[in-house]
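This report concerns only the one structure given below.
The values are calculated or read from the model by the stated rules, or taken from the named source; none is laboratory data. The structure displayed is predicted, hence computed values, not measured ones. Cβ coordinates were reconstructed from backbone atoms using ideal geometry, including for glycine residues, and neighbour counts include every protein chain displayed. Surface areas here come from the heavy atoms of the whole protein model, side chains and all, with no ligands, DNA or RNA. Shrake-Rupley method; radii C 1.70, N 1.55, O 1.52, S 1.80 Å.
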Amino acid sequence: MVLAVILAIAGLALGALGSAVVQRLSNPVARYRQLYLGVLLPFALLSYVLFRLLGFGYAVVGGGGGTVGTLLAMFAELLVAGGIGLAAYAPTVRGVRRVRDINLSTGRALVRMGRYVFGLSVFVTVVIAPLETGLSPVVLLAVVAALVVALQAAAPWIIPVVRSVRTPDESTEATLNRLGERTGLTVRDIRILDTDREGTANATVRGVPGYRRLFVTSTFLDALDDETATALLAVQAGRQQARVLARVVGGLLLALVPLFVALADIGPLWPLAGVSLGLALGSLWATRRGVRAADDYAADRLGPDAVADALERYAAVHDMEPSRRRFANPFSKSPPLGNRIDRLRARAGE
């Protein structure tokens, strides 16, 4: 437990220092995202690795062997590492509140992120559980693939467990259905995520054909006009058509195949790990192409200028300057927002 306290204090210091630096940079909203993904998340993962190497989870659950004891220890390690990540995240909330001028309390933000941490800990434990059962690597790969696909299919019911969700009133539902019909978006029902204090205007579709659920945030409804909302929903419809989520999940599972081959002692570990990395990068490239295809779909429906305007409005609502890169980030699953806007403007000019 001493190690956990030390790491939590280090996380607090890291988050406070990172937040102080980010607030002095240009485009601080985008920089906060980079701070979370590039610094604080790796710090939480490093904490988990240390706990795993030192057998921290067994000390927390009081020892014990067998599959159940191992899974409980793993869950404890994930949960405590997530708590350290929350400690690092806490000092940044005040900075985000300042640069975005939103009314988001630190306590509310930590409660929301804590639900994510708990849900993610359960998810990872469930996915890794087959590794502790002594099954052959081939069977393990099939089980892990089935679990990942099942969790994606169950996402319409899992998201309401970890987020505050409400059913839209008849007027709002009718409006969203009308806008969705213009875009070709096909969903079975709609749920609204409460983001009044966070100020995030997002729309996403989860589920499988036959039961897809549209999730929109309350800020999406309040801050965007019908034309902007329609264009963003058209992008979601384009993602359905391009199967962007399937590309992400399929790429992940494909990248796992060489690793499971290595576990079966069929080939050398490091060359197969390199193949796995190459497959992961290839799947991310395919996913970025899917995002561009989704933009094209929306542009065909509504016009490229309308979609570009909507993406710019999306950035404005989030107090974010659209980022641009000369060369694509190979580890990103989406092109930079500024590049997407520029591409749509160029298409309109043609």
Within the stretch 322-350, how many residues are closer than 21 Å to residue 28 by Cα, of a type outside the set (Gly, Ala, Ser) and surrounded by 16 or more Cβ atoms within 10 Å (Cβ to Cβ)?
7
All but one of (1) surrounded by 13 or more Cβ atoms within 10 Å (Cβ to Cβ); (2) under 11 Å from residue 84 (Cα atoms); (3) more than 21 Å from the chain's Cα centre (by Cα) hold for residue 6; which doesn't?
(1)
Residue 291 being modelled with pLDDT under 95 and either more than 21 Å from residue 189 (Cα to Cα) or open to solvent by 30 Å² or more (accessible area, probe 1.4 Å) (or both):
no
From the residues in the stretch 307-318 that are open to solvent by less than 40 Å² (accessible area, probe 1.4 Å) and not β-branched (Val, Ile, Thr), which one is farthest from residue 231 (Cα to Cα)?
318
From the options 315, 328, residue that is more than 30 Å from residue 278 (Cα to Cα) and within 22 Å of the chain's Cα centre (by Cα)
315
If we scan the stretch 29-46, do we find a residue that is small (Gly, Ala, Ser), in contact with a helix residue (DSSP H, G or I) (Cβ under 9 Å, 6 or more places away or on another chain) and open to solvent by 20 Å² or more (accessible area, probe 1.4 Å)?
no
Can you find even one residue in the stretch 187-199 that is of a type in the set (A, V, I, L, M) and in contact (Cβ under 8 Å) with a residue 40 or more places away in the chain?
no
Please name all residue pairs, on different chains or six or more residues apart, with Cβ atoms under 8 Å, provided the first residue is in the stretch 233-247 and is in the same structural domain as residue 306 (by the TED database) and the second residue is acidic (Asp, Glu) and assigned to a helix (DSSP H, G or I).
235/295; 238/295; 238/296
